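See below for the structure under consideration.
The values are calculated or read from the model by the stated rules, or taken from the named source; none is laboratory data. Every value quoted in this text rests on a predicted model; they were computed, and no experiment measured them. Cβ placement follows ideal geometry from the backbone for every residue including glycine, while neighbour counts extend to all protein chains displayed.
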Amino acid sequence: METLSTHIEAVYEKAKTYTETSIELYKLNAIDTASDVTSSLALRFVTLLVVSMFTLFVNIAISLFIGKQIGEYYLGFLIVSGFYLMLTLIIYLFGVKLVKTPINNLIITKLLKDKKSHSVTLDNNQEANENVQK
């Protein structure tokens with residue numbers, strides 16, 4: 001009987017250790033996934049900021065050039081502003097398709113990428129544990 005209780009205690013300790021390790025692994029995987037998504041979004045934000053500054057100065061130059069050609073600088077700025085008004089209307093009408101869907105797809109891809117590789121690792125670990133037990 002003592003050997004049975006000893007085996008039960010050993011199995012309990014192994015199950016407890018396995019559960020604690022699995023929980024820690026899931027926590028680390030969640031942290032890794034969150035940091036990957038956050039860093040990807042931060043990189044895209046910084047890139048967008050730099051491109052926006054470039055676009056701003058190019059637009060000022062285009063406005064000044066058009067204004068000089070027409071003879072009144074303010075008309076160049078009005079023409080470029082009208083272009084952006086039309087662009088805003090297009091984004092408003094098709095924004096879900098042009099903006100929201102790609103961002104959602106990016107986040108989902110980043111989140112699921114690690115889960116796929118993680119689930120393969122877990123499956124391999126479970127197979128290895130089963131082979132050891134046999």
Of all residues in region 1-44, how many are touching a residue at least 60 places away in the same chain (Cβ under 8 Å) and not in a helix (DSSP H, G or I)? 0
Please list, ordered by first then second residue, the pairs with beta carbon atoms under 9 Å, 6 or more apart or interchain, first in region 83-101 and hydrophobic (A, V, I, L, M, F, W, C) and in a helix (DSSP H, G or I), second surrounded by 11 or more Cβ atoms within 10 Å (Cβ to Cβ) and modelled with pLDDT under 85. Ile90/Leu98; Ile91/Leu98; Ile91/Val99
Taking the conditions exactly as written (over 31 Å from the mean Cα position of the chain (by Cα), at positive phi and at pLDDT 90 or above), does Gly71 satisfy them or not? yes
Give me the pairs, please: first residue somewhere in region 45-60 and over 15 Å from Val80 (Cα atoms), second residue anywhere and small (Gly, Ala, Ser) and at pLDDT 95 or above, beta-carbon distance under 7 Å, and either six or more positions apart or on two chains. none
Quick one: which of Ile79, Ile103 is at pLDDT 80 or above and either within 28 Å of Ser39 (Cβ to Cβ) or aromatic (Phe, Trp, Tyr) (or both)? Ile103
Just for region 1-54: of the residues that are aromatic (Phe, Trp, Tyr) and farther than 18 Å from Ile103 by Cβ, which one is farthest from the chain's Cα centre (by Cα)? Tyr12
